[in-house]
Amino acid sequence: MSEIINRLLSDTNRKFNAAELDVLSAYFREMMFTVLHERGTGHWGGASSAAELVTSLYFNRLNIDPKNPGWEDRDRFVLSKGHASVNLYTVLAHRGFFPVEDVHSFRKLGSYLQGHPAMNKIPGVDMSTGALGHGISVGLGMAEAARLSGKKYTTYVLTGEGCLNEGSSWEALMVASKYKTPRLVLMVDYNKVQLDGTENEILPLSPLDEKLRAFGWNVCPNKYDGNNSADILASYDWIDSDDNWPKAIIYDTIKGKNVSFSEGKNTWHGAVIDDEHFEIGIKELEADTKAKEERL
Ligand SMILES: Cc1ncc(C[n+]2csc(CCOP(=O)(O)OP(=O)(O)O)c2C)c(N)n1
């Protein structure tokens, strides 16, 4: 770990700026790639795609307390695309929810860090996910529970377009719009690639913004780059700009981001990273982190 990253990670209880978030996300990508390689398991593509989105939430936005993961007033986060668990675990560990070394036990027999997040076992995980299409429903429940109990926390749900292909997502979207559910934010990690093909080959969502609007959501008119922390912070300003709920933001992202052979490739959705690919990819990721450190 470089001195810069060491310094950043010694002070995690503050709002990081965009340049700092870019560095952290790049460093976390290195760890995700390394752990997946070590453990001989997959889901690099969707984890890498969401690196900046998850990092920015935990290091800039969410009102949380790692020492008290069950704090009732905390903001909620639902990783509806639960297969990107190595991303969530890496971020939670560095944010102080559990030891960073434990991430290396990913998917080991007996480890609490299994392939999909389990809320009863992992500090900081608000919802067990992995079966696609449930995140918006449970997020809706959390946000309505806040309203009913007079709490002011915000619920954030992160989906992919494969996740949005599930019909149950659209039932939840309709219900949230019927009740104008307050403080419910849908974030779409829109990388346009799924497990065994592109969005267009499997089930096109386009025009997604118009569809969400037709379902009664307040959809951000801006297009944001979800692999750019400055854009993500700008999207938070949009969330804070009015009280018209529920809200959705579509972030353009790249699956397998920052490793040349994996970018935009569904084959790297679940593939194991062998030694040969690891050597190439980790060099690219380290170079990316270094370049971002130099911009600080
Ligand atoms: C209900 C259900 N059907 C199928 C799967 C298998 N599956 C896991 S990930 C995935 C594709 C996910 O695509 P997307 O939501 O776009 O995720 P991303 O590209 O962001 O990783 C599929 C089909 C599943 N986990 N759950």
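Quick check: Cα centre of segment 152-172 to Cα centre of segment 175-233, how many Å?
What the calculation gives is 9 Å, centre to centre.
Report the net charge of residues surrounding LYS108, where surrounding means a beta-carbon distance below 12 angstrom and charges are Lys +1, Arg +1, Asp -1, Glu -1.
After counting each charged neighbour, the total is 0.
Roughly how many whole Å is it from the C-alpha centroid of segment 19-65 to that of segment 98-151?
Measuring centre to centre over Cα atoms gives 16 Å.
As I understand it, the dipole of the chain uses +1 on the Cβ of Lys and Arg and -1 on the Cβ of Asp and Glu, about the Cα centre. Which of GLY281, ALA93, SER137 lies farthest toward its positive end?
The one lying farthest along the dipole's positive direction is SER137.
As a test of understanding, state the convex hull volume per residue of the chain from its alpha carbons, in Å³.
Value for the chain: 118 Å³ per residue.
Give the percent of DSSP beta bridges with both residues in the chain that are antiparallel, rounded to the nearest 5.
DSSP beta bridges in the chain are roughly 5 percent antiparallel.
Please sort by residue number the GluC sites (Glu not before Pro) in segment 1-76 whose DSSP state is loop and whose Cβ has at most 12 other Cβ atoms within 10 Å.
Passing both the DSSP loop test and the Cβ count: GLU72.
If you filter segment 1-72 for trypsin sites (Lys or Arg not before Pro), then keep DSSP loop positions with at most 16 other Cβ within 10 Å, what is left?
The qualifying sites are ARG14, LYS15, LYS67.
With axes computed from alpha carbons, what is the tilt in degrees of helix 135-148 against the longest principal axis of the chain, rounded to the nearest 10 within 0 to 90?
So the helix axis and the longest Cα principal axis differ by about 50 degrees.
Using only the alpha-carbon atoms, how far is helix 275-294 inclined from the longest principal axis of the chain? Give it as 0 to 90 degrees, nearest 10.
The helix 275-294 is inclined about 70 degrees to the chain.
With a ≥ b ≥ c the root eigenvalues of the C-alpha gyration tensor of segment 224-296, is it rounded (a/c under 1.5), prolate (a/b larger than b/c) or oblate?
Oblate is the answer for segment 224-296, as a/c is 1.5 or above yet b/c matches or exceeds a/b.
Hey, got the dipole for segment 3-294? About the Cα centre, +1 on K and R Cβ, -1 on D and E Cβ, debye to the nearest 20?
Charge dipole of segment 3-294: 1040 debye, to the nearest 20.
For the chain, what is the mean residue ellipticity at 222 nm derived from helices alone (per DSSP H run of n ≥ 4: -39500 (n - 2.57); sum divided by total residues; nearest 500 deg cm²/dmol)?
-12500 deg cm²/dmol
Can you pull out the chymotrypsin sites (Phe, Trp or Tyr not before Pro) in segment 79-121 that DSSP calls coil and that have at most 15 other Cβ atoms within 10 Å?
Hits after loop and neighbour filter: TYR112.
Percent relative contact order of segment 3-294, based on C-alpha pairs within less than 8 angstrom and at least six residues apart?
24
Taking 0.36 nm per intervening residue step and subtracting the Cα-Cα distance, what contour gain separates ALA291 from SER260 on full extension?
Using 0.36 nm per residue and subtracting the Cα-Cα distance, I get 9.6 nm.
In whole percent, what relative contact order does segment 231-295 give with Cα contacts below 8 Å and a gap of six or more residues?
About 22 percent, as a whole number.
Can you compute the modelled spin-label distance between LEU148 and LYS67, with each label point 7 Å from Cα toward Cβ, in nm?
3.2
Would you please give the residues with an amide H less than 5 Å from that of ALA248, counting only those at least 5 places away or on a separate chain, with H modeled from the backbone geometry?
Counting only residues 5 or more places away or on other chains, the set is LEU186, ASN218, VAL219, CYS220.
Compute the Cα gyration tensor for segment 1-81, then decide on rounded, prolate or oblate, letting a ≥ b ≥ c be the square roots of its eigenvalues: rounded whenever a/c is under 1.5, prolate when a/b is larger than b/c in the other cases, and oblate in all that remain.
It is oblate, given that a/c is not under 1.5 and a/b is not larger than b/c.
Going by alpha carbons, how many degrees (0 to 90, nearest 10) lie between the helix axis of 229-239 and the longest principal axis of the chain?
10
Would you mind classifying segment 100-192 by shape? Square roots of the alpha carbon gyration tensor eigenvalues, ordered a ≥ b ≥ c; an a/c under 1.5 is rounded, otherwise it is prolate if a/b is larger than b/c and oblate if not.
Oblate, because a/c is 1.5 or more while a/b does not exceed b/c.
Bear in mind that the values in this text are calculations on the coordinates, not laboratory data. Computed from a prediction, not measured in an experiment: that's the story for all the values here. Virtual Cβ from ideal backbone geometry, glycine too; neighbours counted across all protein chains shown.
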